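The block underneath contains the structure these notes are about, expressed in structure tokens.
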């Protein structure tokens, strides 16, 4: 039996061991999903505190159920975490779920993929499948990851090991679609890699969609999130115009949604947050620049998005101006620093950017978020949330809705507040503005 | 009983007479839809040939069924057309379905709305509802149409007559959604107008969605089509990049479509056509400029779209170049001039723009379209289609797919052709290019 067939036979018998590098919001759900299907999973973490937490079955990811983690770690023992990367040699398939941030010049920071590739190259056994899940620019799997693994291992891709790209599609807080039931795109390099990758992922994921190459799979994820960036930016720009024309953009969007074909609703806000949409399109912009290609749509959308926090600062300043107050010296209370409703994740949160700008202009800034008691901004400054009370609301010169968590008692907040800037349509009854409430 | 209540009572008894101005692809289906519900409809047309055609029940709009027109004109006699605009006084509700083109400087040409408003003002009786359906920039109904009607009639809006905006959502060739079952957005000026407008439209349309003002309703239609322009432009730009990176953009789109939330597929092509998407966003850009607001997303999307025909010309030139041929003197056969598949409408067709550019460079251009035997370009030059045959295909130095009509025998065309440029993914088996076929 050839190496490919024996791998497939092993898959058939569920005897493969899966390695997951990076146990964050992508890796942990993925590991638990495989383990729940009875597949043995080893989780690799550089951060020993996190590895220990996993091994205590102490959950830290909202999309993972506590009882599922408990089950696979403590009962079936199908899942364990380790900081010992030499154990990568125990794995048949290794999935890389590490972050790919952008540096401040919007250049992709490939250091986590690089170090994972080095770890894999130095430790893996022959006949391993390596799958990259981290969002990155097209060609990364073939032109960046593969050469590092070959160099470090002395092995040959397509003969001694196989590679594929299979983008994570985790949508934190989505109650309908989790790792298991979200269709997964799989792009192996060559037919052998594809057969093996489809087999491995098929052990845990309900629907797979194969594409012809890793680069096509890389492009899929970028297209999905570029689509979102562009549409949110479009609606942000239209929202600013609509406000000037006495049109309530949220009413317009609700009405457009009644079109039964050819429309998908996006909503305005103080900017774009999270780990994907503000970043992914710029991976593509980066690689495109390398071949002298300007992505004007992404660039324009990025500009609009980057300006939104400043525009929100202006909104707050001009709302205070109505009360004959300056930003300088005014108390501004922000409500919500999570980047979307009902989650506890402040990554790339536009609220933080607005807070920072407003504070720079001399305002006394505080925030409340029911899910985030303290938060660090990009300069490392730690903000500590305040509790909402009649008094804390009434003391603020301006209250700003930046995340529309569904648990917030909006009516009470508005009643208590002196002045409200609403960037999220939290106060539905107000058209564009009234004497107290100003909408984006 | 007040005037509003007596109007509502008349609606209740289906005794209202509807006037429809403009019997084109919007007005004719609308008129027939009301008439089929047993409401009396008068169609107003400046073009006497078209009025005569209607009165002979001779159908000229693909989305209207011949038998429906026959039924309401000849049998129930609920619908008749006229060129006599003085008969507007017979109508209780008048719907304006005239075109709103852009001039070559992308300035909205309001002359048809203007002349309709004059006709209405001079002829309508007291107590009429006037509804504008033509796509236009927000504020048109209140700030452009209303003053003309008031001036010409000497009547007062809100007292002697009412106005609303209710955007047409006709999607030619859509087999699932016709006028009757496509939800309709209705924005009356003030509560009386809204009550009456909802009542009138409710006689024929299954689902109505009321908004708070005509300007909100105007914005709805612009948002819907701006969304499409922006997304098609985005995917066109990504397609050009993908081609350079050896990525098949259509494969990527199909894979992205497997994401069960947060994505809607748009496809690349040689540009954007039809009567809506290339125009509507620029109405908004026009009015935004008037208040010093630059719509950068629309502007960027428009630029990409405008460049597509030139990029397609380059594609054709470089495909011919592989065969050591210049555009100048080469025979180029275009297949499809309709702006989308399976319809007979060449309005704003990007194919015509490509044909024009290629002809300018000295190519001998011909075209075939199974639904469009002859077509005029924007300079008034008439093109006459050729039949497809083994010979007509083989004689061309390059065959260009510009519309993917589903009836085309693509395999045969490719087999017979010397060279193919495929802007629509008609030739599915080819990845990006092979020795004969070059994709966008």
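What follows is calculated from the coordinates using simple rules that are stated; it is not laboratory data. Everything quoted here is computed from the prediction, not taken from an experiment. Using ideal geometry, Cβ is built from the backbone for each residue, glycine included, and neighbour counts are taken over all protein chains shown.
Figure the gain on full extension for residue A:418 and residue A:84 (residue separation times 0.36 nm, minus the Cα-Cα span) and round it to one decimal in nm. Before the final figure, lay out each step's value.
Details: separation 334, 0.36 × 334 = 120.24 nm, distance 5.59 nm.
Extra length from residue A:418 to residue A:84 when fully extended: 114.6 nm.
Kindly give the distances from residue B:38 to its copy-mates, label point to label point, with each label point 7 Å from Cα along Cα→Cβ, as nm values to one decimal ordered shortest first.
Spacings between copies for this position, smallest first, are 6.5 nm.
Could you check the simple spin-label distance between residue B:126 and residue A:374, using points 7 Å along Cα→Cβ, in nm with one decimal?
The two pseudo-label positions are separated by 7.5 nm.
Specify the inter-centroid distance of region A:362-411 and region B:203-239, based on alpha-carbon positions, in whole Å.
35
Just tell me how shielded B:285-293 is by partners: mean number of partner chain Cβ atoms within 10 Å of each residue's Cβ, no decimals.
On the way: counts 1, 0, 2, 6, 0, 0, 3, 1, 5.
Mean partner shielding for this stretch: 2.
Compute the FRET efficiency between residue B:159 and residue B:114 as 1/(1 + (r/R0)^6), taking r as their Cβ-Cβ distance and R0 = 22 Å, and round to the nearest 0.05.
Details: r = 23 Å, r/R0 = 1.04.
Plugging the Cβ-Cβ distance into 1/(1 + (r/R0)^6) gives 0.45.
Rank these for me by crowding, A:389, B:406, going from fewest to most other beta carbons within 10 Å.
Working: A:389 11, B:406 7.
Fewest to most other Cβ atoms nearby, the residues stand as B:406, A:389.
As an exercise, use a Förster radius of 30 Å and the Cβ-Cβ distance of residue A:6 and residue B:429 to find the FRET efficiency, rounded to the nearest 0.05.
Values: r = 33 Å, r/R0 = 1.09.
The formula returns an efficiency of 0.35 here.
So for the pair residue A:306, residue B:151, with labels modelled 7 Å out along Cα→Cβ, what separation do we get in nm?
If labels sit at residue A:306 and residue B:151, their model points lie 4.6 nm apart.
Could you tell me how many degrees, from 0 to 90 and to the nearest 10, lie between the Cα long axis of helix A:296-322 and the main elongation axis, the longest principal axis, of the Cα atoms of chain A?
30
Please state the relative contact order of region A:184-321 as a whole percent: Cα pairs under 8 Å, 6+ residues apart? The partial results should precede the final answer.
Working: 124 pairs, mean separation 31.4, N = 138.
Once normalised by length, the contact order is 23 percent.
Defining a contact as two alpha carbons under 8 Å apart and six or more residues distant in sequence, what relative contact order in percent does chain A show? Spell out each step's value before the answer.
On the way: 874 pairs, mean separation 46.9, N = 440.
The normalised contact order for chain A reaches 11 percent.
Could you please rank A:423, A:76, placing first whichever residue has the fewest other Cβ atoms within 10 Å of its Cβ? List each step's numbers first, then the result.
Values: A:423 29, A:76 12.
Ordered from fewest to most neighbouring Cβ atoms within 10 Å, A:423, A:76 come out as A:76, A:423.
Can you list the copy-to-copy distances for residue A:70, using a point 7 angstrom from Cα toward Cβ, in nanometres, shortest first?
For residue A:70, the other copies' label points sit at 7.2 nm, shortest first.
Round to a whole angstrom and tell me the spacing of the C-alpha centers of region B:36-68 and region A:79-155.
Comparing the Cα centres of region B:36-68 and region A:79-155, I get a distance of 67 Å.
Calculate the tail of P(r) for region A:3-212: the fraction of all Cα-Cα distances greater than 28 Å, expressed in %. Working shown, then result.
Numbers: 4447 of 21945 pairs.
For region A:3-212, the fraction of Cα-Cα distances above 28 Å is 20 percent.
Does the protein assembly as shown classify as rounded, prolate or oblate by the C-alpha gyration tensor (a ≥ b ≥ c root eigenvalues; a/c under 1.5 gives rounded; else a/b over b/c gives prolate, otherwise oblate)?
Cα axes put the protein assembly as shown in the oblate bin.
Distance in nm between label sites at residue A:143 and residue B:328, each 7 Å beyond Cα in the beta-carbon direction?
3.6
Return A:374, B:424 ranked ascending by Cβ neighbour count within 10 Å, so the fewest neighbours appear first. The partial results should precede the final answer.
Working: A:374 12, B:424 22.
Least crowded to most crowded, the residues run A:374, B:424.
Using Cα springs under 10 Å in a Gaussian network model of chain A, which residue among A:158, A:19, A:27 shows the largest mean-square fluctuation?
Largest GNM mean-square fluctuation: A:158.
From other protein chains only, count the Cβ atoms within 10 Å of every residue's Cβ in A:296-308, then give the mean.
Numbers: counts 10, 13, 4, 2, 8, 5, 0, 3, 2, 0, 0, 1, 0.
Average neighbour count from other chains, rounded to a whole number: 4.
Below 8 Å, C-alpha to C-alpha, sequence gap of six or more: please give me the relative contact order for region B:230-439 in percent. Before the final figure, lay out each step's value.
Numbers: 344 pairs, mean separation 41.7, N = 210.
After rounding, I find 20 percent.
Say R0 is 30 Å: what FRET efficiency, to the nearest 0.05, do residue A:46 and residue A:407 get from their beta-carbon distance? List each step's numbers first, then the result.
Values: r = 35 Å, r/R0 = 1.16.
Calculated transfer efficiency: 0.30.
Using a 10 Å cut-off around each Cβ of peptide A:175-187, what is the average number of partner chain Cβ atoms that fall inside? Before the final figure, lay out each step's value.
Numbers: counts 0, 2, 4, 0, 0, 0, 1, 4, 5, 2, 6, 1, 3.
The shielding value for this peptide is 2.
Residue B:318 label points, 7 Å along Cα→Cβ, one per copy: pairwise distances from this copy to the rest in nm, shortest first?
4.5
Using a cut-off of under 13 Å, list every residue of region B:224-255 whose amide N is near the label point 7 Å from the Cα of residue A:177 along the Cα-to-beta-carbon line.
B:255
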